[in-house]
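This report concerns only the one structure given below.
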Amino acid sequence: MSEIVPFSLNRYPEILELWRSDTGIGLTRSDEPEELARFLERNPGLSHLALTDEGAVAGTILAGHDGRRGFIYHLFVIPGYRGQGLGRRLVDKSLEGLTALGIEKVHIMVFGSNSGGRAFWKKRGFSERGEISLMSRGLAGNDTGKACGC
Ligand SMILES: CC(C)(COP(=O)(O)OP(=O)(O)OC[C@H]1O[C@@H](n2cnc3c(N)ncnc32)[C@H](O)[C@@H]1OP(=O)(O)O)[C@@H](O)C(=O)NCCC(=O)NCCS
């Protein structure tokens with residue numbers, strides 16, 4: 001069974017290569033090491049990696065909260081490890097951490113075109129919020145973030 005360990009930026013090049021391999025993961029400047037370090041520092045203990053038996057990265061999840069709602073980003077499992085419950089284990093681990101902090105609701109942004117991702121989240125008890133439109137604006141000269149689901 002894959003081991004789940006704290007998310008570590010020591011594995012950044014490997015992680016980035018995995019994220020880049022999948023259109024379900026939208027990457028922006030927030031995925032550069034300095035920005036990720038800030039996210040991890042603000043949200044200790046909520047983000048994780050899964051490892052293969054050989055110690056390679058098999059899965060990722062980033063999770064955090066703003067004191068009110070939880071947010072999950074970049075859930076990813078390598079193709080050879082999919083369908084074995086690893087995505088579920090990563091999500092459950094982050095949800096446990098958020099629950100322990102008193103967070104009562106968590107949001108995930110999924111590309112509308114990512115039917116597999118949407119099916120996964122529905123299995124995990126998430127519902128699509130047809131009554132809400134996500135609206136975004138870039139700050140500090142960034143674009144509107146339209147290239148990314150989050
Ligand atoms: C989505 C993803 C993380 C799922 O990981 P996984 O390890 O295969 O998922 P699990 O094996 O834990 O599956 C959990 C449940 O979701 C279901 N599920 C997983 N992927 C599914 C898919 N593509 N379509 C339908 N159901 C799916 C499983 O059948 C399982 O159902 P069960 O609880 O009834 O047994 C993985 O497919 C992935 O990395 N996809 C590419 C990146 C991505 O799109 N991430 C989501 C971004 S929002």
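The values are calculated or read from the model by the stated rules, or taken from the named source; none is laboratory data. Being a predicted model, the structure only gives us computed values, none of them experimental. Positions of Cβ are generated from backbone atoms using ideal geometry, with glycine treated the same way; all protein chains shown enter the neighbour counts.
Among the conditions (1) away from the ligand (no atom under 13 Å from the Cβ); (2) among the charged types (D, E, K, R); (3) in contact (Cβ under 8 Å) with a residue 60 or more places away in the chain, Arg89 misses just one, which is (1). Return yes when Tyr12 is of a type in the set (Phe, Trp, Tyr), surrounded by 13 or more Cβ atoms within 10 Å (Cβ to Cβ) and assigned to a helix (DSSP H, G or I) and no when it is not. So Tyr12 passes the test.
Look at (1) surrounded by 14 or more Cβ atoms within 10 Å (Cβ to Cβ); (2) within 21 Å of Gly138 (Cα to Cα) and you find that Leu98 fails only one, number (2). Candidates are the residues of segment 43-77 that are surrounded by fewer than 18 Cβ atoms within 10 Å (Cβ to Cβ) and touching a residue at least 40 places away in the same chain (Cβ under 8 Å); the one that is farthest from the ligand (Cβ to nearest atom) is Gly45. The residues in segment 15-32 that are surrounded by fewer than 12 Cβ atoms within 10 Å (Cβ to Cβ) and under 19 Å from His65 (Cα atoms) can be counted, and the count is 0.
Would you mind stating whether Leu40 is modelled with pLDDT of 95 or more, crowded, with 17+ Cβ neighbours inside 10 Å and among the hydrophobic types (A, V, I, L, M, F, W, C)? Against the criterion (modelled with pLDDT of 95 or more, crowded, with 17+ Cβ neighbours inside 10 Å and among the hydrophobic types (A, V, I, L, M, F, W, C)), Leu40 qualifies.
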